[in-house]
Amino acid sequence: MNAASNFTNNKISIIGLGYVGLPLAIAFSKTMNVVGFDISTTRINELKNGFDNKNESSKEELLHPNLSFTNVSNDLLGSDCYIIAVPTPIDNTFNPDLTNLLDASKLVGENLKASFKKNNSATIPLIIYESTVFPGCTEEECIPVIDKESGLENGKDFKVGYSPERVNPGDPDHLLQNIKKVISGQDHETVVRISALYETILEAGIHIAPNIKTAEAVKLIENVQRDVNIAFINEMAIFLQNLNIQTSDVMDAAKTKWNYLDFEPGLVGGHCIPVDPHYLNFKATSVGARSSLVDASRIINDSMGPYVARKTLSFLGTNESNYAPASYEILILGATFKGNVTDLRNSSVIKIVEELEKLNCRVSVFDPLVEKKMLNESGLPGINDPFLDDKKYNAVIIAVSHDFFKNVPLESYVQLLDAKIGTSVITDVKRILNWKKDGFPDVTYWTL
């Protein structure tokens, strides 16, 4: 192998084509040859046909001549750079599940071994991890796998860096190119190469962390901070409502102070915020520094789905000892973990459904961005657009702030309710409605 240290960018391979990997592949393909790899045959076939089921990328971007998609590992041979952006979930015991990450590391190691034999690369290959992990994971868990599978020597035959992803799905204002990138590498040469690589796609610039462990800690701290702050606001929302004080009135006034941190109460879900606290405390426990604050925040935020369910039922005249009869029909609008995304992972809506069904309610779920079939396959009682149906409900829970729901007239929500029962309920978790109390005296409107 040519031991030249110059990075020619002849070929970049992106492993994992979700919210993180696909935008990277598209961005780099504007100036370089990029191969996108994913183990999902369905995902690869859709991307080859110019379709992104996450609605984040256009057909034109996916069909760029510099960009190809594959689930065949040999197609990655000869890459100058491998970027690993695979999911890092938790297992049933809330510990890190590194299966995807270690499988990807093994794949890269096997590729390096084959490329080394064929002398397919003109440079020392560079491997960059973007998946969220605990501090020490890249060097203690991933690099040893690459070493073993490749038979090569890290630092001599390949270099490794880490750059935590900061993608915010469904946010049109914070895209890959205008989010500052934190980078790190095992040595100065690696940092220089990673910096030069990402500067070709970024407008916001980079921040160089002093080492890989520091960069790994960055992403955890960013997301755990959000989890803790949202938990505080959620708990305060419950406290304020028990005093018959409107949470939004307090927050609007508090935001007039310059150093007030603006967080809103709500449901916490997705592939980052509910997961990363467990990664942090997994590592913290190993060094005798487990955070009780982080644990408490997770408990609070995990409880908000059931709280929304029980609070909604309380307005229908139910109580802890005599919950709703089976005749109660509850409609939930939105199933994804946040607005304007198609991702159901770790959605708190699932907890709302489970609580309502446990209390003998008949539940229906509609999400304009997720097909009924997919909802049903995920264990949710999916239905078609209820605004086009005549069925009536005792309560409507607007759980997700999709733009679709924001554009529905207020009267259309009221028409979903069963006027014959007397009191009916609209629960607006994210306060997307401009509610007119005087216009609908028979409807109870509630929000966090």
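Bear in mind these aren't lab numbers, they're just calculated from the coordinates by the rules spelled out. Since this is a predicted model, take the numbers as computed values, not measurements. Ideal geometry is used to build each Cβ from the backbone, glycine not excepted, and the neighbour counts take in all protein chains shown.
Tell me, what is a quarter of the convex hull surface for the C-alpha atoms of the range 69-136, in nm² with one decimal?
Seen from a random direction, the Cα hull of the range 69-136 projects 5.4 nm² on average.
For the range 224-382, build the charge dipole from Cβ charges (+1 Lys, Arg; -1 Asp, Glu) around the Cα centre, then report which of Gly339, Val365, Leu280 sits farthest towards its positive end.
Final value for the positive-end residue is Leu280.
Provide the gained length on full extension for the span Lys48 to Leu410, in nm with one decimal, where the gain is 0.36 nm per separating residue minus the Cα-Cα distance. Mind dumping the intermediate values first?
Values: separation 362, 0.36 × 362 = 130.32 nm, distance 4.09 nm.
Full extension of this stretch gives 126.2 nm more.
Amide H to amide H, which residues 5 or more places from Leu417 or on other chains are under 5 Å from it, using H placed in the peptide plane?
Residues meeting the criterion, in which the H sits 1.01 Å from N, are Tyr393.
Quick one: pull the percentage of alpha-carbon pairs in the range 169-210 with a separation above 14 Å.
47
Reported to two decimal places, what Rg/Rh ratio describes the range 25-128 when computed on Cα atoms with Rh from the Kirkwood expression?
Answer for the range 25-128: 1.00.
Once you have the alpha carbon radius of gyration of the range 131-200, what is it after dividing by 2.2 N^0.38 Å, with N set to its residue count?
Normalised by 2.2 N^0.38 Å, the Cα Rg of the range 131-200 equals 1.30.
Near the amide H of Ile426, under 5 Å away, which other amide H atoms are found, from residues 5 or more places off or on another chain, if H is placed in the peptide plane?
Those qualifying (amide H under 5 Å, at least 5 residues apart or on another chain) are Val396, Thr444, Tyr445, Trp446.
Assuming R0 = 25 Å, what is the FRET efficiency of Asn92 and Ser314, from their Cβ-Cβ distance, to the nearest 0.05?
0.20
When only Cα pairs under 8 Å and 6 or more residues apart are kept, what is the percent relative contact order across the chain?
In percent, rounded to a whole number, it is 11.
Of the listed peptides 336-342, 74-80, 18-24, what is their order by residue-averaged count of other C-beta atoms within 10 Å, with the highest listed first?
Going by the mean number of other Cβ atoms within 10 Å, highest first, we get 18-24, 336-342, 74-80.
Using a cut-off of 19 Å between alpha-carbon atoms, which lysines can reach Lys255, once sequence neighbours fewer than 8 places away in the same chain are excluded?
Lys430
Considering amide H positions built from the backbone, and no H for Pro or chain starts, which residues 5 or more places from Phe69, or on another chain, come under 5 Å of its amide H?
Close amide H contacts, sequence-distant or interchain: Gly36.
Can you tell me the order of 344-356, 91-103 when each peptide is scored by its average per-residue count of other Cβ atoms within 10 angstrom, highest first?
Packing proxy ranking, top to bottom: 344-356, 91-103.
Suppose the Debye formula is applied to equal point scatterers at every Cα of the chain; what is log10 I(q)/I(0) at q = 0.08, 0.09, 0.13 Å⁻¹?
-0.53, -0.65, -1.16
Quick one: 3J(HN,Hα) in Hz for the range 40-53, Karplus 6.51/-1.76/1.60 with θ = phi - 60°, rounded, Gly and Pro as x.
7, 4, 4, 4, 5, 4, 5, 5, 4, 8, x, 10, 10, 5
Please sort by residue number the trypsin sites (Lys or Arg not before Pro) in the range 124-187 whose DSSP state is loop and whose Cβ has at most 13 other Cβ atoms within 10 Å.
In loop regions of the range 124-187 (DSSP not H, G, I, E or B), the sparsely surrounded trypsin sites (Lys or Arg not before Pro) are Lys156, Lys180.
Tell me the Rg and the Dmax, in Å, that the Cα atoms of the range 220-301 produce.
14.3, 44
Can you run phi through the Karplus equation (6.51, -1.76, 1.60; θ = phi - 60°) for the range 331-337 and list ³J(HN,Hα) in whole Hz, with x for Gly and Pro?
Coupling constants for the range 331-337: 9, 10, 9, x, 10, 6, 6 Hz.
Given a Förster radius of 45 Å and the C-beta distance between Lys180 and Lys436 as r, what FRET efficiency does 1/(1 + (r/R0)^6) yield to the nearest 0.05? Kindly include the intermediate steps, with their values, before the conclusion.
Values: r = 42 Å, r/R0 = 0.94.
E(calc), rounded to 0.05, equals 0.60.
After finding the eigenvalues of the alpha carbon gyration tensor for the range 45-197, what semi-axes result from the square roots of 5 times each, listed largest first in whole Å? Please report the intermediate quantities before stating the final value.
On the way: eigenvalues 126, 84, 60 Å².
Taking √(5λ) for each eigenvalue gives 25, 20, 17 Å, largest first.
For helix 276-286, report the angle its Cα long axis makes with the longest principal axis of the Cα atoms of the chain; keep it between 0 and 90° and round to the nearest 10°.
Between helix and principal axis, roughly 60 degrees.
Go through the range 339-350 residue by residue and turn each phi into a ³J(HN,Hα) via Karplus (6.51, -1.76, 1.60, θ = phi - 60°); whole Hz please, and just put x for glycine and proline.
Values, residue by residue: x, 6, 10, 9, 8, 9, 4, 6, 5, 6, 4, 4 Hz.
Which of the aspartates and glutamates could a cross-linker span from Lys311 if the Cα-Cα distance has to be under 16 Å and same-chain partners fewer than 8 positions apart are dropped?
Hits, sequence-local ones excluded: Glu235, Asp302, Glu320, Glu329, Glu354, Glu355, Glu357, Asp428.
Suppose each label sits 7 Å from its Cα in the direction of the beta carbon; what would the Arg290-Asn168 distance come out to in nanometres?
According to this spin-label approximation, the distance is 3.3 nm.
Could you order peptides 401-412, 248-259 by the average number of other Cβ atoms within 10 Å of their residues, highest first?
401-412, 248-259
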